[in-house]
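**Q** Supplied in structure tokens, the structure appears directly below.
The values are calculated or read from the model by the stated rules, or taken from the named source; none is laboratory data. Note that the structure is a prediction, hence the values are computed from the model and not measured. Please note: Cβ atoms are built from the backbone with ideal geometry, for glycine as well, and neighbour counts cover all protein chains shown. Just so you know, the surface numbers come from the protein's heavy atoms only, side chains and all, with ligands and any DNA or RNA stripped out. Shrake-Rupley method; radii C 1.70, N 1.55, O 1.52, S 1.80 Å.
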Amino acid sequence: MYINDFIDYLQKERKMSKNSLEAYKRDVQEFIGFEGSRGMTDLSETSSTEIVAFLHELKMSGKSAATVNRKLASVRAFFNFMMNSGLIGSNPTADIKSPKIERKELEFLTLEEVDKLLETPDESIRGIRDKAILEVLYATGIRVSELIEADLEDINMRMGFITCAGEQSKARIVPLGRPARAALEKYIFEGRKMLIKENTEEKALFVNYYGKRITRQGLWKLLKEYGDKAGIEHRLTPNIIRNSFAVHMLQNGADLKSLQELMGHEDITATQAYLSVTKNRIKDVYDKTHPRA
């Protein structure tokens with residue numbers, strides 16, 4: 001099947017992460033299943049009509065514009081691969097435009113909410129670990145996948161930074177800051193040792209009660225719990241902490257290019273999305289303080 005060759009290409013040539021590969025494969029398999037349900041067995045005969053029908057089916061099933069866009073991007077990449085491999089003469093998705101996405105208001109924490117959140121964990125073994133997790137997430141703005149996949153060897157305590165593999169296996173070094181370093185040091189030399197017990201071969205930086213690498217589900221549950229304890233009104237997610245890191249950096253004078261490198265954005269337009277928040281803040285300050293505003 002063409003899809004296996006496609007995934008191999010993404011892995012070897014595009015250096016995509018495991019999560020990205022799984023998402024692409026899932027999306028393309030969904031399209032192939034849709035084609036099969038309509039009696040289509042030869043993908044090389046796919047036309048733009050089938051692509052439009054697939055997108056319409058997604059929309060009618062309640063999928064958001066963002067989800068439809070992602071699936072279209074996956075299918076478009078798949079047919080690009082087939083075209084470049086000489087399997088088809090043209091890409092049936094070439095003239096299909098992506099649905100417009102209504103930009104949601106950016107969710108982030110105030111400095112007061114961050115302080116309250118970071119003070120919430122107690123001094124238990126679990127609390128020591130969770131304090132380190134929260135401090136690292138806010139200090140670095142790294143993605144949830146990067147935190148979960150981080151190994152002990154990715155931390156340089158002496159120099160104070162963490163190495164992240166990032167998307168498409170492009171590694172970057174992100175400073176930790178003193179509070180995060182202190183919380184990590186306490187976790188590594190106290191909490192982690194208690195959690196891994198005899199499982200000394202475990203490489204993961206953050207582990208669960210079984211001494212194994214913490215899961216994405218476990219981390220989301222952890223954040224929801226501490227968000228509730230800290231009295232944060234909206235549900236706390238890793239992305240909200242990442243947004244908070246970016247917004248607070250810009251509010252305190254960080255330049256866009258440096259922030260782009262810290263966050264691991266391939267395209268600076270992804271970083272520019274945070275500018276709207278700081279611009280609105282500047283306007284609010286002007287309106288409240290200028291005598292002729």
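**Q** Count charges around Arg158 for me, please; just the other residues with Cβ under 12 Å from its Cβ, Lys/Arg as +1, Asp/Glu as -1.
**A** My count for the surroundings of Arg158 gives 0.
**Q** Name the long-range amide H neighbours of Val207: under 5 Å, sequence gap of 5 or more, or other chain; modelled H, no Pro or chain starts.
**A** Those lying under 5 Å, H to H, from Val207 are Ile214.
**Q** Taking N as the number of residues in the stretch 124-254, what is its alpha-carbon radius of gyration divided by 2.2 N^0.38 Å?
**A** Values: Rg = 14.3 Å, N = 131, 2.2 N^0.38 = 14.0 Å.
The reported ratio for this selection is 1.02.
**Q** Now for a different question. What spacing in nm lies between the two simple spin-label points modelled at Leu275 and Lys212, each 7 Å away from Cα in the Cβ direction?
**A** So the label points at Leu275 and Lys212 sit 4.6 nm apart.
**Q** If all Cα-Cα distances of the stretch 84-129 are sorted into 10 Å bins from 0 onward, what percent lands in each bin, rounded to whole numbers?
**A** 18, 18, 16, 14, 16, 18, 1
**Q** Figure the gain on full extension for Thr110 and Thr67 (residue separation times 0.36 nm, minus the Cα-Cα span) and round it to one decimal in nm.
**A** Additional length available on full extension: 12.6 nm.
**Q** Turning to a different aspect of this structure: Quick one, which of [x] 19.4, 71; [y] 20.7, 71; [z] 22.5, 70 is the actual Rg and Dmax of the Cα atoms in Å calculated for this model?
**A** It is the value labelled [z].
**Q** Something else: Using 7 Å Cα-to-Cβ label points, what is the Asp122/Ile268 separation (nm, one decimal)?
**A** 4.9 nm
**Q** Further, regarding this structure: Under the Karplus relation 6.51 cos²θ - 1.76 cosθ + 1.60, θ = phi - 60°, what is the ordered set of whole-Hz ³J(HN,Hα) values for the stretch 117-124, x standing for Gly and Pro?
**A** Listing the rounded values in order: 4, 6, 8, 6, x, 8, 9, 6 Hz.
**Q** In whole Hz, with x marking every Gly and Pro, tabulate ³J(HN,Hα) for the stretch 50-63 from phi via Karplus 6.51 cos²θ - 1.76 cosθ + 1.60, θ = phi - 60°.
**A** Values, residue by residue: 5, 5, 4, 5, 4, 5, 5, 4, 4, 5, 5, 7, x, 5 Hz.
**Q** Distances longer than 25 Å among the Cα atoms of the stretch 32-132: what percent of all pairs is that?
**A** It works out to 46 percent of all Cα pairs.
**Q** For Asp228 and Glu185, calculate 0.36 nm times their separation in residues minus their Cα-Cα distance, and state this gained length in nm to one decimal.
**A** On the way: separation 43, 0.36 × 43 = 15.48 nm, distance 2.63 nm.
Difference between extended and current length: 12.8 nm.
**Q** Given a 1.4 angstrom probe, I'd like the percentage of the accessible area of the chain that is carbon and sulfur, rounded to a whole number.
**A** Result for the chain: 50 percent of the exposed heavy-atom area is carbon or sulfur.
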